[in-house]
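Undergrad: Can you read through this structure? Questions will come right after.
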Amino acid sequence: MPQPDPYRGRFAPSPTGPLHRGSLLAALGSWLMARRAGGEWLVRIEDLDPPREIPGAAAHQLETLHAFGLVPDGEVIYQSTRDTAYQQALDRLLASGDAFHCHCSRTDLASVGGIHRRCVAASPRPDPAVRLRVPDNTLIRFHDAVRGPVEQRVDTEVGDFVLRRADGLWAYQLAVVVDDAHQGVTGVVRGADLLESTARQIFLQQRLGLPTPNYAHLPLIVDGQGAKLSKSCAALPVDAANPLPALRAAWATLGQDPAALEGLSSPQAALASALCAFDPQRLAAAHNTQVIDHA
Ligand code: GLU
């Protein structure tokens, strides 16, 4: 009988600053899911957008992960080295007619609600963007391990989306799909902010004939009273010199039993205990409690 693919998870930070509470949550959640399945955990640096990047941030993020005991398997991949793979995927989509050059500016699209369904450019641009055509009635459904069934009408809610920007930079959606497939990722575990990108990524995987991984979008970071924290709080850097408080906070956000991380003095010991106690069912429960409390 064929064996199922071994689980392979990943954490994919953008090097736009120090590792923060939101990214630690994604790192810990993805690490726990991978290790619990006896699988691998990879790290990919998503350095696609030089204007938003901070020099030295990637190295700093990797050092911080190590300080937390979160050590990737295998080599870390940098998206800045992956131009050829993205270009090949784009060329295939252009050749099949799924992708097209687009001269529309943000201002042009504002007049049609910001959603691209057909070109409305007032004038041609020297460097057009490339978009993926999303046919009418494109409904993508998937099962999220935390949120349950999710669906999105990609044509009306998103529209034809950008694969290569007018400034020549690769769009996150293209790079993430190409790289998840290249790295053989079977499980994507990440922050809730990326839930609404997932249908686009699945649609793109289908267009490129790539497999769709399983998805889990983690509960939101809440404060001690259970109130949702603002995006800026999730963006607070974590302290590599004192990892245990941040690890415990991330563990609590994942809805796990706080007792499992009490009385431990090193992040390695905390992670070992966390792995034994980790219960993925509690992720969904943590998310549902947040929805009921704060809807
Ligand atoms: N690079 C993205 C971020 O830092 C995460 C991408 C992903 O996990 O798919 O928000």
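Every read-out reported here was derived from the displayed coordinates using simple, explicitly stated rules and does not represent laboratory data. These numbers were taken from a predicted model, which means no experiment stands behind them. Glycine gets a Cβ as well: all are built from the backbone with ideal geometry, and neighbour counts include every protein chain shown.
Undergrad: If you average 1/r over every pair of different alpha-carbon atoms in the chain and take one over that average, what Kirkwood value in Å do you get?
TA: On the way: mean 1/r = 0.0491 Å⁻¹.
By the Kirkwood definition, the hydrodynamic radius is 20.4 Å.
Undergrad: Still on this model: Suppose the chain between residue 5 and residue 37 were pulled fully straight at 0.36 nm per residue; how much longer would it get relative to their current alpha carbon spacing?
TA: 10.4 nm
Undergrad: Moving to a separate point now. Need one word for the stretch 162-207: rounded, prolate or oblate. Basis is the Cα gyration tensor (sqrt eigenvalues a ≥ b ≥ c); a/c below 1.5 gives rounded, then a/b vs b/c decides. The partial results should precede the final answer.
TA: On the way: a/c = 1.77, a/b = 1.38, b/c = 1.29.
Since a/c reaches 1.5 and a/b is larger than b/c, the shape of the stretch 162-207 is classed as prolate.
Undergrad: Can you bin the stretch 157-270 into rounded, prolate or oblate? Criterion: square roots of the alpha carbon gyration tensor eigenvalues sorted a ≥ b ≥ c, rounded for a/c under 1.5, prolate for a/b above b/c, oblate for the rest.
TA: prolate
Undergrad: Tally Lys and Arg at +1 and Asp and Glu at -1 over the other residues with C-beta under 11 Å from the C-beta of residue 93: what net charge comes out?
TA: For residues surrounding residue 93, the net value is +3.
Undergrad: Between rounded, prolate and oblate, where does the stretch 2-90 land on the alpha carbon gyration tensor, with a ≥ b ≥ c its root eigenvalues, rounded for a/c under 1.5, else prolate if a/b exceeds b/c?
TA: Oblate, because a/c is 1.5 or more while a/b does not exceed b/c.
Undergrad: Grab the DSSP H runs of the chain that are 4 residues or longer, score each as -39,500 (n - 2.57), total them, divide by all residues and round the 222 nm result to the nearest 500 deg cm²/dmol. List each step's numbers first, then the result.
TA: Values: 11 runs with 111 residues, N = 295.
Estimated from H runs of four or more residues: -11000 deg cm²/dmol.
Undergrad: To continue, here is another question. Given +1 on the Cβ of Lys and Arg, -1 on the Cβ of Asp and Glu, and no further charges, what dipole in debye does the chain carry about its Cα centre, rounded to the nearest 20?
TA: 460
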